[in-house]
Structures are given as structure tokens and as C-alpha cells.
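The values are calculated or read from the model by the stated rules, or taken from the named source; none is laboratory data. Keep in mind it's a predicted model, so treat the numbers as computed, not measured. Methodologically, a virtual Cβ is constructed for each residue, glycine included, from the backbone with ideal geometry; neighbour enumeration extends over all protein chains shown.
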Amino acid sequence: MLDKDSLLIGLLIGLAIPFVGYATIQMIFEQIAGMEFLNPETRTVYFRERTIAILAVCLNLIPFKLFKKRRYEKAMQGILIATFIYVFIWIYYFANLML
């Protein structure tokens with residue numbers, strides 16, 4: 001079995017958490033919009049998508065903090081690599097939309 005303090009574990013966790021978090025946050029936003037608490041005309045078309053994506057990437061702070069407390073440095077590096085990958089994808093995808 002894999003060691004808890006490994007780069008691969010950190011990378012897998014760092015890639016999985018934002019993916020699941022994006023779906024969860026998207027469902028929450030859809031339920032709130034269904035109750036008509038949000039006014040969709042007040043923001044740009046891609047505002048919600050950008051916001052949900054960056055919130056999902058920020059969810060990597062939770063396992064990062066847990067690994068930091070346990071001093072799993074290799075796993076922390078894996079989470080950072082995954083986070084940077086997601087941030088670069090976010091910037092590439094939304095760069096043209098922010099102008």
C-alpha cells in the first residue's frame with residue numbers, strides 16, 4: 001500500500017477534492033437559484049462559473065492544512081502541484097472571458 005506521505009497521494013487528493021467540490025458547489029448554487037434567492041441578471045454570464053471554479057480550487061487548502069499539521073511534506077507538494085495545475089487551467093480558460 002502507498003505511504004501516507006507520498007507525492008502521489010497528495011497529487012491524487014489535490015486533483016480529486018476540487019473536482020468533487022466543483023460539483024457540490026454547483027448543486028448548491030442551482031438549489032439556491034431554484035428558490036429564487038439569486039438574481040441571474042445582476043452578473044455577467046460567466047461570473048458564476050468562474051466563482052465556483054476558483055472556490056473549488058481553494059478547497060485544496062483543507063487537506064493541505066491537515067497534511068501540514070501531520071508534517072507530510074511530500075503529500076503537501078503533491079497538493080501544491082495539483083493546485084497549480086488547476087490554477088493554470090482556470091487562468092487559460094477564463095483569460096479571454098475576463099476582458
Q. If you scan region 76-99, which residues turn out to be at pLDDT 95 or above and in contact with a helix residue (DSSP H, G or I) (Cβ under 7 Å, 6 or more places away or on another chain)?
A. MET76, GLN77, GLY78, ILE79, ILE81, ALA82, THR83, TYR86, VAL87
Q. In region 50-92, which residues are without any contact (Cβ under 8 Å) to a residue 12 or more places away in the chain, over 22 Å from ASP5 (Cβ atoms) and not β-branched (Val, Ile, Thr)?
A. CYS58, PHE88, TYR92
**Q.** Residue ID - modelled with the lowest pLDDT, chosen from residues in region 42-53 that are under 19 Å from GLN31 (Cα atoms) and not aliphatic (A, V, I, L, M)
**A.** THR42
Q) Name the residues in region 42-63 that are outside any loop (DSSP other than H, G, I, E, B) and among the β-branched types (Val, Ile, Thr), would you? A) THR42, THR51, ILE52, ILE54, VAL57, ILE62
**Q.** Which listed residue is closer than 29 Å to ASN96 by Cα, in a helix (DSSP H, G or I) and either modelled with pLDDT under 95 or more than 12 Å from the chain's Cα centre (by Cα) (or both), from LEU38, LEU15, LEU66, LEU11
**A.** LEU11
Q | Within region 54-99, considering residues that are more than 17 Å from ILE25 (Cβ to Cβ) and polar (S, T, N, Q), the one surrounded by the most Cβ atoms within 10 Å (Cβ to Cβ) | A | GLN77
